[in-house]
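This report refers to the structure that appears directly beneath it.
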Amino acid sequence: MLKVEELRQRRQSIFYGWWIVGAGIGIQVLLTGLMMQAFGVYVSVLQADFGWSKTALSAAFSMQRVESGILGPIQGWMLTRFGPRKVMRVGILMFGVGFLLFSRIDSLVEFYVVFLIMAVGASLGGFMAVITALVNWFDRKRSTAMGIAYTGLSIGGLIVPLVAYSLDTVGWRTTAVISGVLVLSLGLPLTQVVRTRPEDYGEYPDGIDPASRPARRVASSDGAADAPEPQFTAREALRTRAFWFISLGHGFAVLMVSAIMVHLVVNLNEELGYSLQTAALVVALMTGLQTVGQVAGGFLGDRMNKQAILTVTMLGHGIAIIVLAFATNVAMVLFFAIVHGIAWGVRGPILHSYRAECFGRESFAQVLGFSSMIVMFGMMSGPLVAGFLADRTGDYQLGFTILGVIALLGSLFFAFATKPTPPGEAEDERVAVTGGIPARF
């Protein structure tokens with residue numbers, strides 16, 4: 001275990017928060033690259049092997065989001081109570097063992113049970129724990145840190161062609177065993193790097209002593225203004241319009257993203273006639289550009305209005321998936337991959353940084369946990385809507401068009417998700433209005 005003295009020595013060269021960023025990248029590569037981004041490739045193979053329908057396979061992916069949403073508030077409490085590292089360790093162990101069990105399934109029921117184990121593991125060991133740690137370790141450079149950490153999601157997508165190659169050459173069962181071994185041998189050591197709060201190790205957010213730093217500057221629609229970061233409790237956050245609008249905007253975004261994750265490869269392979277390897281390369285291109293968007297989004301999020309950027313990215317999502325719905329040539333597919341990949345990358349880190357900017361870091365994990373209960377409906381519905389309509393109509397055009405329109409409408413939630421008044425200031429305003437008697441609600 002790292003001692004306080006060791007952390008202080010590292011501070012002289014590299015702020016320890018950046019080591020957590022690096023560990024977060026590695027963990028996200030394992031979780032997303034081996035299953036979440038590669039799920040669409042597994043769909044094609046399992047459908048051919050067992051004859052299961054697209055709807056049945058989509059249900060497994062949607063089940064994961066139900067689990068994530070229900071588990072969200074509990075996970076938020078666990079992260080606050082036990083810290084990210086302990087929670088992540090349990091999650092990585094479950095995810096790795098789940099892969100080993102996945103290699104032995106022979107029925108749809110077994111697939112659902114094993115995938116649920118993997119889903120719980122991915123939730124506990126995944127982005128929510130990483131983001132919670134980064135919110136605590138960074139303040140001024142929070143969007144940048146999140147943007148870099150988020151590259152693990154897109155880098156994971158770059159190994160999808162390797163997963164597809166393995167499925168073609170050694171089969172899905174052997175691929176699952178190899179994946180489980182990689183998760184356990186690499187993921188568990190990476191969790192050891194994560195720490196909860198810099199103050200517990202004699203550090204400060206961004207590595208800067210608050211006594212020596214100038215007043216924090218928070219970007220707003222009117223420019224940069226000096227303001228302390230608010231500190232909402234989860235209950236106080238739930239009472240604000242910003243909480244609900246950010247959560248609904250997030251839900252509309254992942255509704256479309258989840259449908260693409262599950263059905264893009266199948267759409268390119270079965271309807272547009274591309275080979276499985278070529279379809280996987282499109283996924284790799286999309287996620288490669290997502291990496292660019294994540295880094296750019298982190299940089300922009302610390303310097304520009306986050307709310308405006310979120311609104312624009314949702315418009316990009318909607319336009320991209322509508323183009324995919326009517327794609328008839330390579331140029332349209334490439335347009336989709338480029339616009340969707342960049343919009344997806346930019347939106348991710350800015351969304352969570354903006355949530356932390358609105359509600360503060362003290363109860364961030366719990367606020368995010370309650371938000372996940374709303375977001376899960378989008379993540380759950382997207383694959384089911386696209387899969388159901390594809391089974392009924394014979395193609396993805398109608399389903400993708402509907403999801404694209406929903407994404408366009410979702411931009412309105414971010415457009416109106418203005419920052420809430422901090423709890424203390426809100427109480428002062430109510431006292432003034434009621435003539436000195438605090439208003440309660």
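Given the peptides 292-300, 327-335, 164-172, 80-88, arrange them by the average over their residues of other C-beta atoms within 10 Å, most packed first.
Answer by packing, highest mean first, reads 292-300, 80-88, 164-172, 327-335.
Quick one: what do you get for the chain if you divide its Cα Rg by 2.2 N^0.38 Å?
0.97
What does the C-alpha gyration tensor say about the overall shape of the range 356-404? Classify as rounded when a/c is under 1.5, otherwise prolate if a/b is larger than b/c, or oblate.
Cα axes put the range 356-404 in the prolate bin.
Mind giving me the FRET efficiency for Phe335 and Glu271? R0 is 22 Å, r the Cβ-Cβ distance, nearest 0.05 is fine.
Working from the Cβ atoms, E equals 0.85.
In deg cm²/dmol and to the nearest 500, what is the mean residue ellipticity at 222 nm of the chain if only DSSP H runs of at least 4 residues count, each as -39500 (n - 2.57), divided by the residue total?
Computed mean residue ellipticity for the chain: -24500 deg cm²/dmol.
Modelled label-to-label distance, Gln47 and Arg197, 7 Å Cα→beta-carbon offset: nm?
If labels sit at Gln47 and Arg197, their model points lie 4.9 nm apart.
Just to confirm a number: summing +1 for Lys and Arg and -1 for Asp and Glu over residues other than Thr175 whose beta-carbon lies under 15 angstrom from that of Thr175, what do you get?
Counting the neighbours of Thr175, the net charge comes to 0.
Please compute the length gained on full extension between Leu409 and Asp391, using 0.36 nm multiplied by the number of residues separating them and subtracting their Cα-Cα distance.
3.9 nm
Tally Lys/Arg at +1 and Asp/Glu at -1 over every other residue whose Cβ is under 12 Å from the Cβ of Ile309; what's the total?
Net charge around Ile309: +2.
Kindly state, to the nearest 0.05, the FRET efficiency for Ile74 paired with Arg173, given R0 = 30 Å and r defined as their beta-carbon distance.
For R0 = 30 Å, the calculated efficiency reads 0.35.
Counting only residues 5 or more places away or on other chains, whose amide H sits under 5 Å from the amide H of Asp302 once H atoms are built in the peptide plane?
Close amide H contacts, sequence-distant or interchain: Thr144.
Under a point spin-label approximation (7 Å from Cα along Cα-to-Cβ), what is the Ala308-Val292 distance to one decimal in nm?
Inter-label distance under the simple model: 2.3 nm.
Nearest 10 degrees is fine. How inclined is helix 142-158 to the longest principal axis of the chain, computing both from alpha carbons?
Relative to the chain, helix 142-158 is tipped by roughly 10 degrees.
Taken together, the values in this text are just the output of simple stated rules run on the coordinates, not laboratory data. What you are looking at is a predicted structure, and each value in this text was computed from that prediction instead of being measured. Counting neighbours? That spans all protein chains shown, and the Cβs are built from the backbone with ideal geometry, glycine included.
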